[in-house]
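Let me begin by presenting the structure, written as structure tokens, before commenting on it.
The values are calculated or read from the model by the stated rules, or taken from the named source; none is laboratory data. As the structure is a prediction and not an experimental result, all values here were calculated from the model. Cβ coordinates were reconstructed from backbone atoms using ideal geometry, including for glycine residues, and neighbour counts include every protein chain displayed.
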Amino acid sequence: MGRGKIEIKKIENATNRQVTYSKRRAGIMKKAKELTVLCDAEVSLIMFSSTNKFSEYCSPSTNTKAIFDRYQNTTGIDLWSTQYEKMQNTLKHLKDINGNLRKEIRQRMGEDLDGLGVNELRGLEQNLDEAVKLVRNRKYHVISTQTDTYKKKVKHTEEAHKKLCHEVEMKEEQYGFVDEDPGSYEGHLALGNGAAHMYAYRLQPSQPNLQVMGYGIHDLRLA
């Protein structure tokens with residue numbers, strides 16, 4: 001029993017329509033390939049689905065542009081003139097935009113002002129004032145950011161210095177050194193930085209019998 005005849009009309013169900021398109025697209029692609037091999041024909045096939053999905057097939061011995069060129073020569077229909085004219089219009093529009101931008105730049109630099117009226121000059125002045133404000137705000141923002149960064153660095157340096165001074169004082173107490181000038185800021189800083197400077201320290205023996213045996217307070221010089 002053969003299949004019933006299918007009425008050729010648009011399939012209303014979107015899912016069924018897409019399934020039918022996929023099956024028949026594969027079939028027509030297969031037929032195009034067979035026609036190319038069996039008959040040595042040059043075939044170019046282009047399809048767009050209802051969802052704007054593009055599919056194509058072209059014989060291996062040629063390409064789509066060559067097929068279009070042969071079609072133009074055979075039918076006398078120019079396929080590229082419309083596209084070329086559109087590209088020329090786009091190019092002209094871009095050139096006009098570029099020319100206007102260059103002219104605006106020259107006017108902002110004080111050039112090419114002869115053809116401007118009072119209102120145009122006033123508008124240009126307002127634009128320049130707004131541009132100056134934007135530049136000034138950006139400059140202040142950069143300066144403020146740099147100032148905050150430097151303040152953080154200074155604070156970090158001060159904290160490191162205080163920590164270093166505290167470590168020096170702990171070392172003095174640990175080894176029994178007594179600084180003749182304990183309040184000297186320069187002395188602590190130089191000692192912490194390893195500077196070659198003379199400091200006077202007194203070594204006080206912790207054992208009282210050392211003083212009885214003749215060992216008194218001795219001055220030490222550290223370089």
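Is it the case that VAL43 is surrounded by 11 or more Cβ atoms within 10 Å (Cβ to Cβ) and more than 34 Å from the chain's Cα centre (by Cα)? So VAL43 passes the test.
Each residue in the stretch 102-123 was checked for being in a helix (DSSP H, G or I) and surrounded by 10 or more Cβ atoms within 10 Å (Cβ to Cβ), and 11 pass.
Tell me, yes or no, whether the stretch 138-161 has at least one residue that is more than 37 Å from the chain's Cα centre (by Cα), exposed (fewer than 10 other Cβ atoms within 10 Å of the Cβ) and either modelled with pLDDT of 95 or more or assigned to a helix (DSSP H, G or I) (or both). Scanning the stretch 138-161 turns up no residue that is more than 37 Å from the chain's Cα centre (by Cα), exposed (fewer than 10 other Cβ atoms within 10 Å of the Cβ) and either modelled with pLDDT of 95 or more or assigned to a helix (DSSP H, G or I) (or both). Kindly provide the set of residues from the stretch 82-108 that are basic (Lys, Arg) and free of Cβ contacts under 8 Å to residues at least 12 places away in the same chain, ordered by number. Within the stretch 82-108, LYS86, LYS92, LYS95, ARG102, LYS103, ARG106 meet the criteria. Per the listing LEU79, LEU35, the residue uniquely over 48 Å from the mean Cα position of the chain (by Cα) and free of Cβ contacts under 8 Å to residues at least 12 places away in the same chain is LEU35.
Here ASN63 qualifies as within 30 Å of THR36 (Cα to Cα) and surrounded by 12 or more Cβ atoms within 10 Å (Cβ to Cβ).
Residues of the stretch 38-52 being assigned to a loop (DSSP other than H, G, I, E, B) and either without any contact (Cβ under 8 Å) to a residue 24 or more places away in the chain or hydrophobic (A, V, I, L, M, F, W, C) (or both), which ones?
Result: ASP40, ALA41, VAL43, ASN52.
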